[in-house]
Each structure stands twice: as structure tokens, then as C-alpha cells.
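**Q** If you scroll down you'll find the structure; I have some questions about it.
No lab work stands behind these numbers, since they all come straight from the coordinates. All figures in this text were calculated on a predicted structure; none of them were measured in a lab. Every residue, glycine as well, gets a Cβ built from its backbone with ideal geometry; the counts of neighbours run over all protein chains shown.
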Amino acid sequence: VIVYDGIINNPISPNRDKVVYLTFDDGPGRYTEELLDILKKYNVKATFFVTNQFKAYVPLIKREHDEGHSIAVHTLTHKWSVYDSVETYIKDFNDMNNIVEQYTGSKTNLFRFPGGSSNTISRGHSKGVVSAIANEMTKRGYVYFDWNVDSNDAGSDINNSSNIYYNVINNVSHSRANVVLMHDSANHRATVNALSDIIRYGKNNGYTFKAIDDSTPIIRHRVNN
Ligand code: ZN
């Protein structure tokens, strides 16, 4: 099931409803261990879209995997130049997936585009490149996810744990799969601070938390380039 632009109803399986998929992009980083401690405390599984940006923390991919979270590729470098061509994108992707394999024992088929598949910054690098990458990666058996709930923790609420909390709890819905965008790179202290309250809200309001896997409804934006 592929769901574009957060269209709400998923008639396929009621078991897919009332589910929150917490996703963390851009790490591992300085706050990842603390975040993992919280997830462990509440027995919540999440999904990490990993990078190689903060080398000292990259081995935490092993802990993420060992504790039952899903590991997916975000990008090796998180530089917009990955959008220079399909080839540069796939090289960056494969380099990161090799690191994933090094720490988890296997490659992943899941990924998230830097900036999401709807990003328009890539236009300045190569016209149509996201569409071309999406086609090529799909052909190769890879599956990308965007999100339908944005915590805005990489936007104006980066330092505001209260806003991050409300951005999540006011936008999750019982009637769909909720894929929540959050971050665990260098500057996301406020995300860690909001996490326990988000989990408690979810558990108190009938939600279950799951890691993304092959049965998860695929939440995507519209590609804009
Ligand atoms: Zn990112």
C-alpha cells in the first residue's frame, strides 16, 4: 500500500491503524544513546534513517539494530550534491548501506531522501533527478518513505520541546498509519526532551508504536523534481 500526501483512510487492514512509526533522521549523533534509553524504558520500537555525519557515533547503529529498531539509509554525507545525478545519489546510498551492513549484518531495502522526496532544492542540482532516482531505486528493489506527521524539530521548533510535543500529538490520527519525522543529529536536545511525553500520550490514547518494516503502509509525498 502506497499512501501519497497523507491521505487518511487505509481500508486494507484495521491492524495498520492506530499505529505510530517514530522515525529519526540524520544520526547517529550525540543524543542517540539517550534516545535509545528512553525507547528501551517504554519498550517502543522506532526507525532510524542513518547517516555517516558524526563518525564517533556511527557504531551506535549496532545498538539501534540490536534493540529491535529498524535501520534504514538516509545518506552518507547529507550534502545536497547527492542530487547532482542518479549516479552520485546511488553511490552515496550504497556507501551508507555498506556501513549499515557492517553494523547490522545485512543491507536494508529502506531509505529516505535527504529533504524528503518532495524537496525542491534538488532542482538546482539536476532537473528531474528525484523522479529518476525513485524509478531506478524502485527497479532495484528499494523502498522509500517520507512522513505524514512533522514534529518540526528540524524547523523553527528545533529548541522547543513543548512545540515538538504538540506538533506530534495534534497531528497523529487513529484512522491511519502515522509516520512521524524527528531527528537525532547534533542539535536535537529538545527532541529527546519531548520523546517521553510523546510516548506516554500515545500509549494513553490507544496507539501502538512500531518500527517500519515491509508490511508498513508506504507514506510518501509527491515528487516535485
Ligand atoms: Zn536529513
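**Q** Need one number: the % of Cα-Cα pairs in the chain sitting beyond the 21 Å mark.
**A** 52 percent
**Q** Could you work out how far apart the two model spin labels at residue 189 and residue 109 are, taking each label as a point 7 Å from the Cα in the direction of the beta carbon, and quote it in nm?
**A** 4.2 nm
**Q** On a straight-distance basis, which lysines could pair with residue 41 in a cross-link, Cα separation under 30 angstrom, same-chain partners fewer than 8 positions away excluded?
**A** Within the straight-line limit of under 30 Å, residue 41 reaches these lysines: 18, 55, 62, 107, 203, 210.
**Q** Considering the Cα trace of the range 91-184, what is its radius of gyration and what is Dmax, both in angstroms?
**A** Gyration radius and largest Cα-Cα distance of the range 91-184: 15.8, 42 Å.
**Q** Note down the magnitude of the dipole of the chain about its Cα centre, charges +1 on Lys and Arg C-beta and -1 on Asp and Glu C-beta and zero elsewhere, to the nearest 20 debye. Don't skip to the answer; put the middle values down first.
**A** Values: 24 positive and 24 negative charges, 59 e Å.
Its charge dipole is roughly 280 debye.
**Q** Quick one: net charge of residue 192's neighbours, Cβ under 13 Å, K/R +1, D/E -1?
**A** Here the count lands on -3.
**Q** Just to confirm my numbers, what's the Cα centroid distance between the range 120-144 and the range 89-105 in Å?
**A** Here the two parts' Cα centres lie 18 Å apart.
**Q** Using the number of other C-beta atoms within 10 angstrom as an exposure proxy, rank 137, 96 with the fewest first.
**A** 137, 96
**Q** Within the set of other residues whose C-beta is less than 15 Å from the C-beta of residue 158, count the net charge using Lys and Arg as +1 and Asp and Glu as -1.
**A** With Lys, Arg at +1 and Asp, Glu at -1, the net is -4.
**Q** Under the 0.36 nm per residue contour assumption, what length would be gained going from the current alpha-carbon distance of residue 40 and residue 174 to full extension?
**A** Net length gain for the segment: 45.9 nm.
**Q** Would you order 183, 221 from fewest to most other beta-carbon atoms within 10 Å of each residue's own beta-carbon?
**A** 221, 183
**Q** Can you give the direction-averaged projected area of the convex hull of the alpha-carbon atoms in the range 151-225, in nm²?
**A** Mean shadow area of the hull around the Cα atoms is 6.2 nm².
**Q** Taking the alpha carbon gyration tensor of the range 97-138, what are the square roots of 5 times its eigenvalues, largest first, to the nearest whole Å?
**A** Computed over the range 97-138, the values are 25, 11, 8 Å.
**Q** List every DSSP H helix in the chain whose Cα atoms extend 20 Å or more along the helix's own long axis and whose mean Kyte-Doolittle hydropathy is at least 0.0.
**A** Working: long enough: 86-104 (26 Å, -0.73); 189-204 (24 Å, -0.38).
In the chain, no H run is both long and hydrophobic enough.
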